[in-house]
Amino acid sequence: MERAMNCPKCNAQLQSFVHQGVEIERCGGCGGLWFDVFEHEELRELSGSDAIDTGAPAKVPAGTGSGLCPKDQQRLFSMVVAGQPHIAYESCGLCHGVFFDAGEFKDFRETTFGERLRAIFGVARVAQGQA
Ligand SMILES: [Zn+2]
Ligand SMILES: [Zn+2]
């Protein structure tokens with residue numbers, strides 16, 4: 001039997017579902033997504049994975065959630081995606097799971113395609129620091 005996991009942002013229960021063999025937790029309240037370590041990297045590569053993100057984040061008053069890891073109750077710390085500093089997410093220092101607000105995973109995925117294009121044309125280094 002699995003222990004219920006609660007959203008670090010709004011405390012609603014996380015619902016698990018499977019996309020192409022990868023298990024993901026999505027919050028029934030705010031629509032945020034919880035990924036176990038490396039799952040978000042794995043999912044980014046899978047076709048159609050933008051569909052797991054419901055898009056519009058529900059408005060949650062600041063301080064509603066515990067800010068703790070749903071798996072092991074460690075305090076999450078804020079991170080930004082390398083090369084995409086507008087995407088802030090929460091990460092657990094113990095299990096290395098990550099929490100994305102609704103809409104952020106889509107963004108994370110899309111910008112990656114742009115980054116790959118830049119890498120193909122060899123201008124990734126030039127583009128850095130101009131954003
Ligand atoms: Zn939530
Ligand atoms: Zn954790």
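Every number in this text was worked out from the coordinates using simple rules, so none of it is lab data. Bear in mind that the values here come from a model prediction, so they are computed numbers and not experimental data. No Cβ is skipped: glycine too gets one built from the backbone with ideal geometry, and neighbour counts run over all protein chains shown.
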request  = At 0.36 nm per residue, minus the direct Cα-Cα distance, what do residue 95 and residue 77 gain on full extension? Give it in nm, one decimal, please.
outcome  = 5.2 nm
ask   = Tell me, 9, 59 in order of fewest to most beta-carbon neighbours within 10 Å?
value = 59, 9
ask   = Give me the log10 of I(q) over I(0) for the stretch 14-127 at q = 0.13, 0.17 Å⁻¹, as the Debye formula computes it from C-alpha points; what are the numbers?
value = -0.51, -0.85
request  = Return 98, 80 ranked ascending by Cβ neighbour count within 10 Å, so the fewest neighbours appear first.
outcome  = 80, 98
